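No lab work stands behind these numbers, since they all come straight from the coordinates. Note that this is a predicted model, so its numbers are computed, not measured. Every residue, glycine among them, receives a Cβ derived from its backbone with ideal geometry; neighbour counts consider all protein chains shown.
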Amino acid sequence: MRVVLSIAGFDPSGGAGVLADIKTFSAFGCFGTAAITSLTSQNTVAVYGAVHQSADTLRAQIEPVVNDFQIAAVKTGMLPTRETIAVTAEMIEQHRLPNVVVDPVIRSTSGYDLIDKVAMKFLIERLLPLANVITPNMAEAERLTGVEVKDLDGMKHAAERIYELAQPKIRNPQSAIRNRSVLVKGGHLPNEATDVLFDGEQFQIFRSAKIDTRNTHGTGCTLSSAIAALLAGGCEIAEAITKAKGYLESALLSAPNLGHGAGPLNHLVGGFEIIG
């Protein structure tokens, strides 16, 4: 069984963060492990606050896991401080962790900032160069690049710019990521859920029908976690995205309709146990 590691925040309502990640890993037949970067106070209605973990606490969570298990993929989510980003990057480099999916969580749907400006700049400089796949939504892509992202052209422009930002400032052939892609997620487009993938040379467009539902809590976490699990199982990036989008659609359509706000998905929807 392949082991996948999530380094992200804790959502006590179970719809996003490490709990969503673990459930998604399980749906694909992977063994999920996690290190918590921040303890948030939230539910389906809003994020009300967060208590961030120290660098030492985060390192103390990650090191025993990576020393004990062979990690097949890593997914990062909420990394709220410069210190948590530094530890995450250090662990990825030191242990040569493969198939790194960076979901640059910046702000909750309810408008709560999940990372400060200093940390966001450091995330760009320190962590993006270690990623195999970077998965911002349209708003996150806009914040990362300063590019207006309102339509498909804006998504393409932002994907190119994020790819450029992810190039390491100091070239090291031994640690260079040779297979990097940026996926700008278009779930906030008005008529369809169209995502744009850029691999440094060409674009690939992933189109799917937009599902009319209030149950959208943790969709970004879920998609990036599904991609990580599929990469762990040997899928190429484009194939992983296609299958992850299919899983997300099924999880949305079968959502349990819980809570008073943006409800959680059905992460354990059947039919996706495709990894041995």
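Placing unit charges on the Cβ atoms of the charged side chains and taking the dipole of the stretch 53-106 about its Cα centre, the candidate lying farthest along the positive direction among GLY77, ALA55, HIS95 is GLY77. A Förster radius of 45 Å combined with the Cβ-Cβ distance from GLN94 to GLN204 puts the calculated FRET efficiency at roughly 0.85. Each Lys and Arg Cβ is given +1 and each Asp and Glu Cβ -1; about its Cα centre, the chain then shows a dipole of about 100 debye. Restricting the stretch 47-152 to GluC sites (Glu not before Pro) that sit in a DSSP loop and have at most 15 other Cβ atoms within 10 Å of their own Cβ leaves GLU148.
Largest first and in whole Å, give the semi-axes of the stretch 208-276's equivalent ellipsoid, each being the square root of 5 times a Cα gyration tensor eigenvalue. Mind showing how you got there, number by number?
Working: eigenvalues 102, 26, 20 Å².
Sorted largest first and rounded, they come to 23, 11, 10 Å.
Placing a pseudo-label 7 Å from each Cα along the Cα-to-Cβ vector at LEU258 and ASP56 gives an inter-label distance of 3.6 nm.
Taking a threshold of 19 Å on the Cα-Cα distance, which of the pairs LYS150/LYS185; LYS117/LYS156; LYS23/LYS185; LYS150/LYS245; LYS75/LYS245; LYS185/LYS243 fall above it? The partial results should precede the final answer.
Details: LYS150/LYS185 12 Å; LYS117/LYS156 24 Å; LYS23/LYS185 21 Å; LYS150/LYS245 21 Å; LYS75/LYS245 16 Å; LYS185/LYS243 15 Å.
Exceeds cut-off: LYS117/LYS156; LYS23/LYS185; LYS150/LYS245.
Anything in the chain that counts as a DSSP H helix reaching 15 Å or more along its axis (C-alpha) with Kyte-Doolittle mean of at least 0.5? List them, would you?
Numbers: long enough: 17-27 (16 Å, 0.87); 55-68 (20 Å, -0.29); 82-94 (18 Å, -0.09); 152-165 (20 Å, -0.44); 219-232 (20 Å, 1.59); 237-253 (24 Å, 0.56).
Passing helices, by number: 17-27, 219-232, 237-253.
When the Cα convex hull of the chain is projected onto planes of every orientation, the mean area is 12.9 nm².
Of MET91, MET120, MET155, the residue with the greatest mean-square motion in the GNM of the chain, using alpha carbon springs below 10 Å, is MET91.
When the helix-only estimate is applied to the chain (DSSP H runs of n ≥ 4, each -39,500 (n - 2.57), divided by the residue count), what is the mean residue ellipticity at 222 nm, nearest 500 deg cm²/dmol? Walk me through the numbers before you get to the answer.
Numbers: 8 runs with 97 residues, N = 276.
Estimated from H runs of four or more residues: -11000 deg cm²/dmol.
Taking a point 7 angstrom from the Cα of HIS188 along the C-beta vector, which residues in the stretch 83-113 have backbone N less than 18 Å away? Of the residues in the stretch 83-113, 103-113 have backbone N under 18 Å from the label point off HIS188.
Translational diffusion of the stretch 155-254 was estimated from the Stokes-Einstein equation, with Rh taken as the Kirkwood radius over Cα pairs; at 10 °C and 1.306 mPa s the coefficient is 108 µm²/s.
Give me the percent relative contact order of the chain, please, defined on Cα pairs under 8 angstrom at least 6 residues apart.
Values: 615 pairs, mean separation 56.9, N = 276.
After rounding, I find 21 percent.
The mean of 1/r over all pairs of different alpha-carbon atoms in the stretch 1-51, once inverted, gives a Kirkwood hydrodynamic radius of 11.2 Å. P(r) for the stretch 1-90, from all Cα pairs and a bin width of 5 Å, is 3, 15, 25, 24, 18, 10, 4, 0 %, short bins first. Evaluated with a Cβ-only charge set (Lys, Arg +1; Asp, Glu -1), the stretch 14-126 carries a dipole of roughly 240 debye about its Cα centre, given to the nearest 20.
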